[in-house]
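As structure tokens, the structure follows; a few thoughts come after it.
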Amino acid sequence: MPLLPEPRWVQASQALVEGCVDLQNDEDRVSLLTTVCERLGDELYPAFLRVLWAIGQHGDHAACAAVANALVHALRTGRLPSGRRGAWGAAPSAQSAAPGYGHTRSLGPLEYLCAWHAQADAGRALTSEQFHIAARSLMDLIASSPEARRLYCEKLLADVGDPIGGALTRQTRHALRELAITWAAGANAFDASARFLSALPQARDSSLASRLSQPAFATR
């Protein structure tokens, strides 16, 4: 499924919200999220994330809650819409090959963003600014449901405690753990995503990360 030259993110976001509102039960809502994700495929999973963070960035509370409540059921049933990325130890040729054990790993929306910033090749990675905007918007969407926020934090902490998974490097897992702990303790999305950036050993784009680590930001 190719993207349009100028994707209509607002219209796509509105359609996803309307689907979550109009469908009658949680199973159907999760099936909708899964269908959208599967039709896009792994290569266009970032487009699915772009739709989610557009909702978090521009949607009102009701719009965000409609999607977040669907994510609650997805988290409870182990069906969080995920995208596959190359395992961090895999060779580039293996990562571009057909998916298979040892080559790729599935990551949920927030984990995928973290790996996209911290582990992608420099020319393809999210900058600190791009990550901060995307992660904040996605976390604002999730936090519109306290239950979704709680379940997602539990999932993150369980995931980073599993080094055998192979999806995330030790440095990324450490930074993601810091994000999850901060967010679970009640911090807002700005502070939690800033904690991830400041916990990385070396920032790919140090301008934002360095500002976020300054006392004026740390004590917000």
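The values are calculated or read from the model by the stated rules, or taken from the named source; none is laboratory data. The structure displayed is predicted, hence computed values, not measured ones. Cβ atoms come from the backbone with ideal geometry, glycine included; neighbour counts cover every protein chain shown. Remember, those area values only see protein heavy atoms, side chains included, never the ligands or the DNA or RNA. Shrake-Rupley method; radii C 1.70, N 1.55, O 1.52, S 1.80 Å.
So here's what we get for this one:
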quantity: Output for the range 138-153, where each listed residue is open to solvent by 10 Å² or more (accessible area, probe 1.4 Å) and either within 12 Å of W53 (Cα to Cα) or without any contact (Cβ under 8 Å) to a residue 24 or more places away in the chain (or both); calculated: D140, P146
quantity: Subset of the range 26-59 (residues that are in a loop (DSSP other than H, G, I, E, B) and under 19 Å from I133 (Cβ atoms)); calculated: G59
quantity: Residue in the range 71-79 that is modelled with pLDDT of 95 or more, open to solvent by 30 Å² or more (accessible area, probe 1.4 Å) and under 15 Å from L23 (Cα atoms) present; calculated: yes
quantity: Count - residues of the range 166-195 that are surrounded by fewer than 18 Cβ atoms within 10 Å (Cβ to Cβ) and not in a helix (DSSP H, G or I); calculated: 6
quantity: Helices (runs of 4 or more DSSP H) (entirely within the range 92-165) containing at least 2 residues that are at pLDDT 80 or above and more than 13 Å from the chain's Cα centre (by Cα); calculated: 128-143, 146-160
quantity: Scope the range 48-70; condition free of Cβ contacts under 8 Å to residues at least 60 places away in the same chain, open to solvent by 10 Å² or more (accessible area, probe 1.4 Å) and of a type in the set (A, V, I, L, M); matching residues; calculated: V51, A62, A63, A66
quantity: Near pairs, Cβ below 8 angstrom, 6+ apart or cross-chain, from the range 180-198 (farther than 12 Å from A135 by Cβ) to any residue that is open to solvent by 40 Å² or more (accessible area, probe 1.4 Å) and not in a helix (DSSP H, G or I); calculated: S198/S213
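Condition check ((1) in contact (Cβ under 8 Å) with a residue 24 or more places away in the chain; (2) crowded, with 19+ Cβ neighbours inside 10 Å) across all residues:
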{"residue": "V10", "(1), (2)": "yes, no"}
{"residue": "L16", "(1), (2)": "yes, yes"}
{"residue": "D22", "(1), (2)": "no, no"}
{"residue": "S31", "(1), (2)": "no, no"}
{"residue": "T34", "(1), (2)": "yes, no"}
{"residue": "R39", "(1), (2)": "yes, no"}
{"residue": "P46", "(1), (2)": "yes, no"}
